[in-house]
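Working notes, structure below.
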Amino acid sequence: MTAENDPVPTALARTPAAASFPPGFLWGVATSAYQIEGAAGRDGRGVSIWDTFSHTPGKVANGHNGDVAADHYERYEQDVALMSELGVGGYRFSVAWPRIQPDGRGPADPRGLDFYGRLVDSLLEKGIQPALTLYHWDLPQALEDRGGWRSRDTAFRFAEYAQLVSEALGDRVKFWGTLNEPWCAAFLGYGNGIHAPGAVDPAGSLRAAHHLLLGHGLAVPAIRASAAPDAEVGITLNFYPVDADSGSTADLDAAHRIDLLQNRLFLDPVVEGSYPADVREHFERVCGTGHIETADEKIIGAPVDFLGVNYYTSYRVAGGGEPDGPSPWPGAEDVRFIDRGLPRTGIGWEIDEDGLRRQLVRIHRDHPGLKMYITENGAAFDDTVEADGRIEDADRAAYIEGHLRAVHRAIEEGADVRGYFLWSLLDNFEWAEGYGMRFGVVRVDFESQQRTPKRSALWYGSVALANALPD
Ligand code: IFM
């Protein structure tokens, strides 16, 4: 996919010192349904696991939930106009499965499809490419009640849902993502339980990971059946480069297991069509492999057109720790995460810009020719609203700039990166953190629902327009 109306001033694009991006590089912003839409229960939307979880006392900071969120369901036209004013060329959003199939099965609710149809049309009218993700964690509660992602059946339900959405929007949407960050859905949802549905079940979380991947593999041909021939279909994974704290056997083994669970368990079967031997051994140790049927890996390896890369930070790890409660790395509960003393964002994640370059170059080296988009990158910081209403979020702008420079270096080193979607367009519901963590480049006053572009938004818009970073 390319930004059709990419307004690259030729002079700037040719100035080498200005760190130009390749022609057609797509500059986008990203959100997800449950985090911004609100309108829970409107127009027949069913209950999702995040409705249930966020309404369970003690699960989300300050008892927040997504019932209203940024009210995007009502204000999507305003939000599209805002994107257009900022000058972005792509918008990555997700479809709420329970708006399409309130119980996760059966025919599509036309009201749900109609909402996304209107959103897509208004994006296209403004020359903004819709980039659609089918699953950003809001599983219909009715499916969870039947086992959720721990049940193999959910993979098949997901493919049916993918087909319904593709039949309705395949004529207009050219960029299709199946899953967003299955690591989170599996291991935060069923491993340490800090995300919905809140299960603490290490073996079950590994089975969930497999069923998510199976759902992805089944959905790819289901999407292609109705999408335009030039549509691109892919998946978004969240990558974290992992370094060992020392050359000791224990630290190297710790780094190996975290990398395996975080990165390779998901990427390798999608791209290679089989789990690497060490991933299979890990399954064997923690939950067995009885849930993996003979044809599954071939299904998971359905050819994709792109890989979506989400990047926020990297890890340094050491072995020899004492298992300390439930972990989102099943079978690596003993691993210690080392504080490197790097500056941190507001949510506490260490800032490692070069980690993004390293990750992209590694994917390029391990899987040559794989086309990539950065489907998420961004930062939460505490914003100060000045007396005149401005938000001078220099920290967020610096984070974005540093990571864009890393992307630029990775492209120079050969990585095939075609676009960058900034997380996030709007301040939104940051899952277990509620509304306390603001990732938006546009501030949302959750009382009045007023939107105010922060300095980072204006800066990002100017970079998108120039298709280049300033000197
Ligand atoms: O807000 C999330 C998003 O939903 C998935 N990726 C990471 C973001 C920041 O935590």
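Once every DSSP H run of n ≥ 4 in the chain is given -39500 (n - 2.57) and the sum is divided by its residues, what mean residue ellipticity at 222 nm do you get, rounded to the nearest 500 deg cm²/dmol?
Working: 16 runs with 172 residues, N = 471.
Calculated mean residue ellipticity at 222 nm is -11000 deg cm²/dmol.
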Report the full-extension gain for the segment Thr289 to Gln78: residue separation times 0.36 nm, less the Cα-Cα distance, to one decimal in nm. 71.1 nm
Which residue, chosen from Leu213, Ile194, Phe156, occupies the Cα position most advanced towards the positive end of the dipole of segment 141-214, where the dipole is computed from +1 (Lys, Arg) and -1 (Asp, Glu) charges on Cβ about the Cα centre? Leu213
Rounded to one decimal in nm, the spacing of the 7 Å Cα→Cβ label points at Asp145 and Arg336 is 4.6 nm
Cross-link reach from Lys454 to aspartates and glutamates, straight Cα distance under 16 Å and at least 8 residues apart if same chain, gives Asp79, Glu85, Asp382, Asp383, Glu386, Asp388, Glu392, Asp393, Asp395, Glu401, Asp427, Asp445
For the table Lys174/Lys371; Lys126/Lys174; Lys59/Lys371, the rows whose alpha-carbon distance is greater than 27 Å are Lys59/Lys371
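Rounded to the nearest 20 Debye, what is the dipole magnitude of segment 162-294 about its Cα centre when Lys and Arg each give +1 and Asp and Glu each give -1 at the C-beta? Can you show the working numbers first?
Numbers: 8 positive and 17 negative charges, 83 e Å.
So the dipole magnitude of segment 162-294 works out to roughly 400 debye.
Report, to one decimal in Å, the Kirkwood hydrodynamic radius for the chain based on all distinct Cα pairs. Present the calculation step by step, with values, prior to reporting the outcome.
Values: mean 1/r = 0.0448 Å⁻¹.
Taking every pair of different Cα atoms in the chain, averaging 1/r and inverting gives 22.3 Å.
Rounding to the nearest 20 debye, state how big the charge dipole of segment 223-323 is about its Cα centre with +1 on each Lys and Arg Cβ and -1 on each Asp and Glu Cβ. All intermediate terms of the calculation are to be shown ahead of the outcome.
Values: 7 positive and 17 negative charges, 30 e Å.
Taking the Cα centre of segment 223-323 as origin, the dipole is about 140 debye.
Just subtract the alpha-carbon distance of Arg42 and Arg118 from 0.36 nm times their residue separation and send over the number in nm, one decimal. Numbers along the way, then the final one.
Values: separation 76, 0.36 × 76 = 27.36 nm, distance 1.58 nm.
Value of the extension gain: 25.8 nm.
What size of dipole, in debye to the nearest 20, comes out for the chain about its Cα centre when the only charges are +1 on Lys and Arg C-beta atoms and -1 on Asp and Glu C-beta atoms?
Its charge dipole is roughly 640 debye.
Using only alpha carbon pairs under 8 Å that are at least six residues apart, calculate the relative contact order of the chain and give it in whole percent. Don't jump to the answer; show the numbers that get you there.
Values: 1061 pairs, mean separation 88.1, N = 471.
Answer for the chain is 19 percent.
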Other-chain or far-sequence residues with amide H under 5 Å of Leu307's (modelled H): Lys371, Met372, Tyr373
Testing the spin-label approximation: label points 7 Å from Cα along Cα→Cβ at Ala228 and Phe156. State their distance in nm. 3.4 nm
Longest exposed-site-free window of the chain, the sites being GluC sites (Glu not before Pro) in a DSSP loop that have at most 10 other C-beta atoms within 10 Å: 1-385
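Give, as a single signed number, the net charge of other residues whose beta carbon lies under 10 Å from the beta carbon of Glu350, with Lys and Arg counted +1 and Asp and Glu -1.
Net of charged neighbours comes to +1.
Excluding Gly301 itself, calculate the net charge of residues whose Cβ lies under 12 Å from the Cβ of Gly301, where each Lys or Arg counts +1 and each Asp or Glu counts -1. Please report the intermediate quantities before stating the final value.
Working: positive: Lys298; negative: Asp268, Glu272, Asp296, Glu297.
So the environment of Gly301 carries a net charge of -3.
Just to confirm a number: summing +1 for Lys and Arg and -1 for Asp and Glu over residues other than Gly104 whose beta-carbon lies under 14 angstrom from that of Gly104, what do you get?
Working: positive: Arg45, Arg99, Arg105, Arg146, Arg157; negative: Asp51, Asp103, Asp109, Asp138, Glu144, Asp145, Asp153, Glu160.
Its environment carries a net charge of -3.
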In terms of the charge dipole of the chain, which places +1 on Lys and Arg and -1 on Asp and Glu at the beta carbon, the residue among Ile363, Val68, Ile300 farthest towards the positive end is Ile300
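FYI, it's all coordinate maths here, none of it is from the lab. Small disclaimer: the values here were computed from a predicted structure and weren't measured. All Cβ positions, glycine included, derive from the backbone under ideal geometry; neighbour counts span all protein chains shown.
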